[in-house]
Amino acid sequence: MDIIRSLFQGTVLLQQWRLPATLVVAVALSLVSILLAWSRRWRRSRSSAALNLPPGPQTLPPLGNLHQIGALPHRSLCALARQHGSVMLLRLGSVPTVVVSSPEAARDVMKTHDVHCCSRPAMAGPRRLTYGYKDVAFAPYGGHVRDMRKLFVLELLSMRRVQAAWNAREAQVDKLIENLTRVGLNPVSLDEHIFNTVDGIIGTVVFGEIYGTEHFKMQFVDMLNEAMDTLGSFSAEDFFPNAAGRFVDRLTGLVARRDSIFRRLDAFFDEVIDQHLNPTSNKLIGEGSSRSDLVQALIELCKDNAFTHDHVKAMLFDTFVGGINTSCVTMVWAMSELIQHPRILKSVQDEIRAVVGKKERVSPSDVPKLQHLKMVVKETLRMHPPLTLLLPRETTQQVNIRGYDVPANTRIIVNAWAISRD
């Protein structure tokens, strides 16, 4: 017992010493980070003395303006923009960031200077989950992104893919109606039903028939939700891209969580690809079944192009991250607003009944005639944009936005929420 007690006490003492040592290392690395940031800022201030930089609030070393960003960043940035203008320069940690909050400034970024503002900044989470930027959405701009974007658009927007999406949509809508009918007059969680419908549509188009199995579906949904939480978590490395930022992410456990979900997603995607490469060994797919899903199309592209299975997995990740949540959020908000405005709800219902007539469901030819419904969707997107802050961009060279000079390698954030409420 004495030996066990002494070992236990030694362990406790060791743990007591570890915390101060960790804090000392963290403080030392933070001081190094501050000195490096001040050095870079001093050199940059000398080189940019002649530039007409955008206005912005005072910074607080070493945080910059991070302390001014609240729990709802789009609202915090909108409030700051009212004080400093629609083109505003912030320093988020050690990263210079320009926030644009007007339609004119956004047009300069996304249209006039799109060629020089279309790259993506290096971010730890997307880099890990997209296999080192082998995707389209998060990858820095270059030849790889151009080639992948062309192929991805051709595959997603081909007539065969559109038809497959429509067939999947009809099947999932039938399931939704059946489930809601079964519930009757009891209260329902509308967002859950909508999520299952959108998830079923995208999953069927991407993975094919194997997505119809409940175990397969729920396994992926759980991993996708965890991946989204990981991407949405604060990463110190994104704002302090140095050893100090990486150390803090390891200290908070974010790196471990990120690596864990990456390994699970990677194993899942490997299983999906193997089932497509060896369809005869897959009991979930019957003989003679059609294999025209997106995974199969991307695998075929690997045979004719310099793409690997990692590219396929990164593109699949993009498809679900960009497709499911945005569609679900928009539909939930649209239904919420319609319920809050019964008169508009009735007018939309009357329009659908008048256009569809005695048919059981809306057909593709009916959609252009539903003008009132289109206006409801557009107003929903204006009031509740699924992405309040668009994916950050990065300048590849110096550009001029609304009369202000924005140096190269500056991060740009478009506040879509502020623009829609201008």
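Quick check, is Arg393 basic (Lys, Arg) and buried (at least 19 other Cβ atoms within 10 Å of the Cβ)? Show your work before the answer.
Values: basic (Lys, Arg): yes; buried (at least 19 other Cβ atoms within 10 Å of the Cβ): yes.
Taking the combined requirement at face value, the residue satisfies it.
Hand me the list of strands (runs of 3 or more DSSP E) wholly inside region 314-422 holding 3 or more residues that are more than 23 Å from Arg169 (Cα to Cα), in contact with a Cys (Cβ under 9 Å, 6 or more places away or on another chain) and among the small types (Gly, Ala, Ser).
On the way: elements: 399-401, 404-406, 411-414.
Correct list: empty, since no element meets the threshold.
Checking Thr388 against (1) within 26 Å of Gly200 (Cα to Cα); (2) of a type in the set (Ser, Thr, Tyr); (3) surrounded by fewer than 16 Cβ atoms within 10 Å (Cβ to Cβ), which test does it fail?
(3)
This table checks each residue for (1) exposed (fewer than 13 other Cβ atoms within 10 Å of the Cβ); (2) aromatic (Phe, Trp, Tyr); (3) modelled with pLDDT under 85; (4) in the same structural domain as Gly203 (by TED's automatic domain parsing).
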position: Ala297; (1), (2), (3), (4): no, no, yes, yes
position: Leu316; (1), (2), (3), (4): no, no, no, yes
position: Glu360; (1), (2), (3), (4): yes, no, yes, no
position: Pro364; (1), (2), (3), (4): yes, no, yes, no
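Where residues in region 76-93 are part of a helix (DSSP H, G or I) and in contact with a Gly (Cβ under 6 Å, 6 or more places away or on another chain), which of them is farthest from Pro57 (Cα to Cα)? If you could, list the steps in order and put the result at the bottom.
So the first thing to find is which residues in region 76-93 are part of a helix (DSSP H, G or I), and the list is 76-84.
From what's left, in contact with a Gly (Cβ under 6 Å, 6 or more places away or on another chain): 76, 84.
Numbers: Ser76: 12, His84: 7 Å.
Filtering first and then ranking leaves Ser76.
Pairs needed: first member in region 319-335, under 19 Å from Phe207 (Cα atoms); second member anywhere, small (Gly, Ala, Ser); C-beta distance under 7 Å; at least 6 residues apart or different chains.
Final answer for the pair search is Gly322/Ala137.
Looking at region 85-96, I want the residues that are farther than 10 Å from Pro55 by Cβ and have a partner that is among the small types (Gly, Ala, Ser) and in a loop (DSSP other than H, G, I, E, B) with Cβ atoms under 8 Å, at least 6 apart or on another chain. Which pairs are those?
Pairs found: Ser86/Ser101; Ser86/Ser102; Leu90/Gly56; Arg91/Gly56.
Against the condition surrounded by fewer than 20 Cβ atoms within 10 Å (Cβ to Cβ), without any contact (Cβ under 8 Å) to a residue 24 or more places away in the chain and not basic (Lys, Arg), how does Ala79 come out, does it pass?
yes
Residues of region 173-229 being more than 30 Å from Val255 (Cα to Cα), modelled with pLDDT of 85 or more, surrounded by fewer than 17 Cβ atoms within 10 Å (Cβ to Cβ) and of a type in the set (A, V, I, L, M), which ones?
Across region 173-229, the qualifying residues are Val173, Leu176, Ile177, Leu180, Val183, Val188, Leu190.
Would a scan of region 156-165 turn up a residue that is within 24 Å of Thr308 (Cβ to Cβ) and under 17 Å from the mean Cα position of the chain (by Cα)?
Residues of region 156-165 within 24 Å of Thr308 (Cβ to Cβ): 156-158, 161.
Right, trim to under 17 Å from the mean Cα position of the chain (by Cα) and you get none.
Looking for residues that are within 24 Å of Thr308 (Cβ to Cβ) and under 17 Å from the mean Cα position of the chain (by Cα), one finds none in region 156-165, hence no.
What's the number of the condition Leu72 fails, among (1) hydrophobic (A, V, I, L, M, F, W, C); (2) crowded, with 19+ Cβ neighbours inside 10 Å; (3) within 23 Å of Asp238 (Cα to Cα)?
Exception for Leu72: condition (2).
The values are calculated or read from the model by the stated rules, or taken from the named source; none is laboratory data. From a predicted model like this one, the values you see are computed outputs, not experimental measurements. As a convention, Cβ positions derive from the backbone with ideal geometry for all residues, glycine included, and neighbour counts pool all protein chains shown.
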